[in-house]
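Please treat every number below as a calculation from the coordinates, not as lab data. All of these numbers come straight from a predicted model, not from anything done at the bench. Backbone-built Cβ (ideal geometry, glycine too); neighbour counts: all protein chains shown.
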Amino acid sequence: MRQAWRVADVRAAEKTLMATLPEGTLMRRAATGLARRCALLLEATGGVYGARVLLLVGSGDNGGDTLYAGAMLAARGAQVRALLLSPDRVHLAGLAALRQAGGFTTVDLPTRSDLVLDGIVGIGASGGLRPLAAAIVKSIGDLRGRTGQRAVVVAVDVPSGVTVDTGHVPGDAVTADVTVTFGCLKPAHVVGPAAARCGQVELVDIGLGPVLVADPAVRVAEDADIAAWWPRPGAASDKYNRGVVGLATGSARYPGAALLSTAGALAGPTGMVRYAGSAHQEVVRAHPSVVAAPKVADAGRVQAWACGSGLGTTAEARTALRSVLATSVPVLLDADAITLLVGGEYAEDLRRDAPLVLTPHDGEFKRLAGEEPGADRMAGAARLAAWTNAVVLLKGDRTIVATPGGEIWANPTGSPALATAGSGDVLAGLLGSLLAAGLPAVRAAVAAAYVHGLAGRHAALGGPATAPEVAAAVRPVLARLVA
Ligand SMILES: NC(=O)C1=CN([C@@H]2O[C@H](COP(=O)(O)OP(=O)(O)OC[C@H]3O[C@@H](n4cnc5c(N)ncnc54)[C@H](OP(=O)(O)O)[C@@H]3O)[C@@H](O)[C@H]2O)[C@@H](O)CC1
Ligand SMILES: Nc1ncnc2c1ncn2[C@@H]1O[C@H](COP(=O)(O)OP(=O)(O)O)[C@@H](O)[C@H]1O
């Protein structure tokens, strides 16, 4: 698992650590790690010696890191130029080090550059980039290096222009090939459109770990977490004790959602899938191992229900939702089931002891919460989770999972290939299966989003993917991940 911390918590930890060290130690550690990474990147374009390096230097310590790293590259023979955004307010010791190592300042953006270091602003950023910074950022993409390729862009700590604590990108921002960050990850590295601006994120250890005592703002699962959590059958397993998942999905109007959620559930860890709804005949025809009935009440025992994908909002759908909520097992509500909650008709039914998971996309979120998720998707998801006392999986490029207690996860595996009708139905089935197999709701949601994202990527390898292909890709992904 990776974790990211908010700026205030990073600052507090840095303060604690700095009190124990000679002045400038942390910046030296940061700059050394940064310069080392830059040197490695330059190897690919002909080495450090003679490389043209452009430093974009703001007025804070982020600019200071950049100047020191530039000095180290200049000492190794790079031609380093520093463009100072606020020449009257610059890290003076950093500038002196650069000059001493043979680097220069410049007032214009050069036409040629192999490597650009973005040290305009780091964790001290407030608001969107100011006009001068924004204008420079817009031109970075035009820079060409000695091989004729576009310049490699390295963001120092975070790409300038992103909102560090939320991952929001309010305006122009740097798009980096590599982001070298210090001490710990910050939310912008893993959440929202900012994460996509970071390129490859590399962490330089400056000794912050032991003093970083605050809870992380957001967690990110890795392959090993999913492999550790994923239930597997053992010698004592049978089709019932592996868990049975119930699906109340699809309708006469949307029978496909029943098939897709079933396909998702069948790829999950449960020993049996029960389907209840008007598509029961189609489901059994397509998936002979499924036990199907027309109504939830006749479906038989399950250990969790997934309800709502393609369910519609008819009287029949309402009956299905009420029946599912009346059970004592974990329930996942997706799509139309979320829409049916709007207006509070089911408020009493929602008071249940077993876990509840909601999987809204932005439209369903807005319908239920009465507001958009907003620029801070983590806070938006956490608000809805607290209000509904449910684990909320807010779909999107970096799907967010939030618990009522405020624990937040960001999914790193999402793929635009998933932006295809019905892929959410596959996710609902898969997540339902994980709940029925006994995973705690938060882990079920995190693991389902993770594997679903990988399945989207895998499916897209063969060309534009449709939801049935995403469902089919879950198995090969699991074969690699949890075998
Ligand atoms: N602390 C430590 O121990 C360590 C910290 N480290 C490093 O320090 C960095 C934090 O440095 P920091 O606190 O000086 O803030 P920083 O990110 O340089 O920006 C502040 C300046 O930017 C400006 N500015 C603000 N918003 C802006 C905008 N939207 N658009 C344009 N400009 C804007 C603002 O100017 P002003 O508002 O005053 O005009 C202000 O002067 C951190 O990211 C890491 O790199 C490492 O060395 C490891 C150890
Ligand atoms: N641009 C994107 N990048 C990554 N994942 C995406 C993107 N757009 C959508 N997704 C994912 O695709 C799925 C779509 O689900 P949903 O909107 O419920 O579709 P449907 O109702 O058609 O099944 C979600 O898991 C969501 O996170």
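A few points about this structure:
- Sorting SER415, SER126 from the fewest to the most surrounding beta carbons within 10 angstrom yields SER126, SER415.
- Size of charge dipole - the stretch 110-267 - debye, nearest 20, with Cβ of Lys, Arg +1 and Asp, Glu -1, no other charges: 520
- Counting only DSSP H runs of at least 4 residues, each contributing -39500 (n - 2.57), and dividing by the residue count of the chain, the helix-based mean residue ellipticity at 222 nm comes to -11500 deg cm²/dmol.
- All lysines inside 23 Å of LYS366 as judged from Cα atoms, apart from same-chain residues fewer than 8 positions distant: LYS395
- Spin-label model, GLN3/ARG301: points 7 Å from Cα along the beta carbon direction are separated by 3.9 nm.
- The residue list VAL442, LEU384, LEU84 was ranked by how far each Cα lies along the charge dipole of the chain toward its positive end, using unit charges on Cβ atoms, and LEU84 comes out on top.
- Helix 467-481 and the longest principal axis of the Cα set of the chain meet at an angle near 70°.
- Residue (of LEU393, SER289, ALA459) at the positive-pole extreme of the chain, dipole from beta-carbon charges: ALA459
- For the stretch 349-361, backbone phi angles converted through the Karplus equation (6.51, -1.76, 1.60; θ = phi - 60°) give residue-by-residue couplings of 5, 7, 7, 9, 7, 6, x, 10, 10, 10, 10, x, 8 Hz, Gly and Pro being listed as x.
- Long-range amide H partners of VAL218 with built H, under 5 Å: ALA4
- The residues MET18, MET72, MET1, when put in order of fewest to most other Cβ atoms within 10 Å, stand as MET1, MET18, MET72.
- Within the straight-line cut-off of under 24 Å between alpha carbons, the lysines reachable from LYS239 are LYS295, sequence neighbours fewer than 8 places apart in one chain being disregarded.
- J(HN,Hα) series, the stretch 39-55, from Karplus relation 6.51 cos²θ - 1.76 cosθ + 1.60, nearest Hz, glycine and proline x: 4, 4, 5, 5, 3, 5, 10, x, x, 6, 4, x, 5, 8, 10, 10, 9
- Derived scalar couplings ³J(HN,Hα) [the stretch 392-404; Karplus, 6.51 cos²θ - 1.76 cosθ + 1.60; whole Hz; x for Gly, Pro]: 10, 10, 8, 5, x, 4, 10, 3, 10, 10, 10, 9, x
- Acute angle (nearest 10 degrees) that the helix 315-325 long axis makes with the longest principal axis of the chain, alpha-carbon atoms: 70
- In the stretch 74-134, the trypsin sites (Lys or Arg not before Pro) that fall in loop regions by DSSP, at most 14 other Cβ within 10 Å: ARG89
- Excluding the site residues themselves, the longest part of the chain lacking any chymotrypsin sites (Phe, Trp or Tyr not before Pro) in a DSSP loop with at most 14 other Cβ atoms within 10 Å is 241-483.
- Going from the fewest other Cβ atoms within 10 Å to the most, the residues CYS184, CYS38, CYS307 appear in the order CYS184, CYS38, CYS307.
- Modelled spin-label separation between ARG285 and LYS138, with each label point placed 7 Å from Cα along the Cα-to-Cβ direction: 5.7 nm.
- Distant-in-sequence amide H partners of ARG144 (H built 1.01 Å from N, under 5 Å): SER113, ALA151
- Of the GluC sites (Glu not before Pro) in the stretch 346-435, those whose Cβ has at most 15 other Cβ within 10 Å and which sit in DSSP loop: GLU348, GLU371
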